[in-house]
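Reading through the structure tokens given below for one structure.
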Amino acid sequence: MALTKSIINDKFEIVGEYKHLQIREATAVNEDGVELSRSFHRRVLTPDADISGETAEIQSIANAVWTDAVKAAWIEFKAAQAA
């Protein structure tokens with residue numbers, strides 16, 4: 001009777017004008033290869049996020065969609081909100 005737990009990033013979505021990156025993480029608990037439970041957690045990365053600690057897959061997606069124009073627009077939007 002071996003219990004194992006695995007966490008994978010199973011869904012990526014690019015959302016909105018500023019290309020926010022939504023990441024869904026799935027946590028599965030298995031017993032002898034049979035899945036007992038699965039739960040999900042979502043998180044969002046914005047164009048000004050530090051992605052150095054993220055997986056290579058997430059970094060490549062972020063680098064592809066967060067162009068300099070997108071990053072500049074996001075910074076401008078945040079500055080306008082703060083004013």
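The values are calculated or read from the model by the stated rules, or taken from the named source; none is laboratory data. From a predicted model like this one, the values you see are computed outputs, not experimental measurements. Using ideal geometry, Cβ is built from the backbone for each residue, glycine included, and neighbour counts are taken over all protein chains shown.
Quick check on my filter: what residues within segment 12-57 are more than 26 Å from Lys78 (Cβ to Cβ) and of a type in the set (Lys, Arg)? Selection gives Arg38 alone. Among the residues of segment 17-29, those that are farther than 16 Å from Ile58 by Cα and either surrounded by 11 or more Cβ atoms within 10 Å (Cβ to Cβ) or of a type in the set (A, V, I, L, M) (or both) comprise Tyr18, Thr27, Ala28, Val29.
The residues in segment 61-71 that are surrounded by 12 or more Cβ atoms within 10 Å (Cβ to Cβ) and either within 12 Å of the chain's Cα centre (by Cα) or of a type in the set (Gly, Ala, Ser) (or both) can be counted, and the count is 2. Checking Val44, Val34 one by one, the residue that is surrounded by fewer than 14 Cβ atoms within 10 Å (Cβ to Cβ), at pLDDT below 95 and of a type in the set (Val, Ile, Thr) is Val34 and no other.
Quick check on Asp10: is it in contact with a Lys or Arg (Cβ under 7 Å, 6 or more places away or on another chain) and of a type in the set (Asp, Glu)? Here the answer is yes, as Asp10 does meet what is asked. Residues that are closer than 11 Å to Ile23 by Cβ and free of Cβ contacts under 8 Å to residues at least 24 places away in the same chain within segment 52-66 comprise just one, Glu54. Here is a check on your reading of the model: is Ile75 surrounded by 15 or more Cβ atoms within 10 Å (Cβ to Cβ) and free of Cβ contacts under 8 Å to residues at least 60 places away in the same chain? So Ile75 does not fit the description; no.
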